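Derivation of every value follows stated rules applied to the coordinates shown; laboratory data play no part. Just so we're clear, the structure is a prediction, and the values are computed from it rather than from any experiment. A quick note on method: Cβ atoms are made from the backbone with ideal geometry, for glycine too, and the neighbour counts reach across all protein chains shown.
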Amino acid sequence: MNLELQDRVALVAASSQGIGRATAEAFAAEGCRVAMCARKRQTLEAAAEQVRARYKVDVLAEPLDVTHAEAVRRFVAAVAEKFGSVDICVTNAGGPPAKGFLATSLEEWQRAVEMNFLSAVYFAREVIPHMQRKRWGRIVTLTSITTKQPVVDLVLSNAVRAAVVGLVKSLANEFGKDGILVNNVGPGFTATDRLKELAEARACASGESEEEIFQGWASDAPLKRLGDPREVAETIVWLASERASYITGQTILVDGGSYKGL
């Protein structure tokens with residue numbers, strides 16, 4: 001299937017590893033020019049070089065903390081200067097720590113809001129004017145199944161990521177007239193370093209082994225396995241394509257059927 005993304009400019013945040021990296025690679029496989037950012041320079045540059053070598057596309061990679069509005073502004077400006085536009089923006093950031101409500105400090109609440117909500121605001125503010133000029137754009141926020149079904153001991157994710165869904169709906173309503181589609185992708189339990197961290201935290205609290213934790217997550221999904229980052233990435237790329245041109249303001253779960261609601 002031709003997704004008609006050749007030469008589009010795709011910006012993917014937190015793309016040095018995990019789902020972010022898989023998403024950058026998936027866009028590169030479609031012939032997009034790719035902008036990557038992450039906090040750790042060495043890991044980011046290694047990932048970017050591998051994307052360039054494998055897919056033969058132009059890649060811009062800059063270390064960046066997505067909680068800093070000015071850093072996001074400079075990065076988006078650099079992307080637009082190098083590539084001439086920003087067509088697709090995938091907002092992404094590391095997940096907040098696994099904790100219950102009373103164990104969570106006010107500082108951790110503030111950090112979660114900055115990382116998992118305000119970072120999406122910062123990127124949207126910077127990329128939307130570029131998209132308006134072309135009357136074409138795609139914003140995809142990467143959150144979690146927690147936007148639909150709260151997960152035990154993930155109170156920060158349960159609360160803050162829900163705010164991103166409200167932002168997505170608002171942006172979709174306001175900028176649809178400009179040809180800009182805004183959607184949210186919520187992965188279920190996906191085999192990433194983040195999931196390993198959650199397994200470690202839950203194992204310490206419950207006395208179960210990490211292997212038992214992983215098996216429990218897998219058995220909870222009708223497909224009886226964890227997700228692969230590439231499966232989430234392919235959904236994001238499809239949402240950014242012309243094959244999803246009448247979809248906006250939605251939350252698409254890539255969870256193997258784990259969500260139990262209708």
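Measure out, as a whole number of angstrom, how far apart the alpha-carbon centroids of the range 42-97 and the range 111-167 sit.
Here the answer is 17 Å between Cα centres.
Ranked highest first by the average count of other Cβ atoms within 10 Å around their residues, in what order do 182-189, 102-109 fall?
Ranked by mean Cβ neighbours within 10 Å, highest first: 182-189, 102-109.
What nm value, rounded to one decimal, do you get for the distance between A203 and E70 when each label is placed 7 Å out toward the C-beta?
4.2
Taking the Kirkwood radius as the inverse of the mean 1/r across Cα pairs, report the Rg/Rh of the range 1-150.
A ratio of 0.99.
Output the Cα-based Rg and Dmax of the range 52-133 in Å, rounding Rg to one decimal and Dmax to a whole number.
Both quantities, over Cα of the range 52-133: 15.6, 50 Å.
Roughly how many debye, to the nearest 20, is the charge dipole of the chain about its Cα centre, given +1 on each Lys and Arg Cβ, -1 on each Asp and Glu Cβ, and no other charges?
For this selection, approximately 660 debye.
For the residues H68, H130, what sequence is obtained by ranking on other C-beta atoms within 10 Å, fewest first?
H68, H130
As a footprinting exposure proxy, order V34, V121 by other Cβ within 10 Å, with the fewest listed first.
Ordered by Cβ neighbours within 10 Å, fewest first: V121, V34.
Could you please rank D255, D153, placing first whichever residue has the fewest other Cβ atoms within 10 Å of its Cβ? All intermediate terms of the calculation are to be shown ahead of the outcome.
Details: D255 23, D153 18.
Lowest to highest Cβ neighbour count: D153, D255.
Using alpha carbons only, how many degrees (0 to 90, rounded to 10) separate the axis of helix 18-29 from the longest principal axis of the chain?
Result, in degrees: 30.
In the P(r) worked out for the range 130-169, what percent of Cα pairs fall beyond 12 Å?
When every Cα pair of the range 130-169 is considered, 61 percent fall beyond 12 Å.
Tell me the label-point distance for the pair W109, A46, using the 7 Å Cα-to-Cβ offset, in nm and rounded to one decimal.
For W109 paired with A46, the spin-label model returns 3.8 nm.
Determine which lysines satisfy two conditions relative to K134: a Cα distance under 21 Å, and not lying fewer than 8 residues away in the same chain.
Within the straight-line cut-off, K134 pairs with K82, K177.
Helix 41-55 against the longest principal axis of the chain: what's the angle in degrees, Cα atoms only, rounded to the nearest 10?
Approximately 60 degrees, to the nearest ten.
Beyond 28 Å, how much of the Cα-Cα pair distribution for the chain remains, as a whole percent? Write down the numbers at each step before the final one.
On the way: 10346 of 34191 pairs.
The share of Cα pairs beyond 28 Å in the chain comes to 30 percent.
For K148, go through the lysines and keep the ones whose alpha-carbon is under 27 Å away, minus same-chain ones fewer than eight residues off.
K99, K169, K196, K224, K260
Enter the angle in degrees (range 0 to 90, nearest 10) between the Cα long axis of helix 229-240 and the first principal axis of the Cα atoms of the chain, meaning the one along which they spread out most.
Between the helix axis and the principal axis of the chain, the angle is about 40 degrees.
How about the range 157-253: which trypsin sites (Lys or Arg not before Pro) there are in a DSSP loop, with at most 14 other Cβ atoms within 10 Å of their Cβ?
Details: sites: R161, K169, K177, R194, K196, R202, K224, R225, R230, R243; in loops: K224, R225.
Taking the range 157-253 and a limit of 14 other Cβ atoms within 10 Å, the loop trypsin sites (Lys or Arg not before Pro) found are K224, R225.
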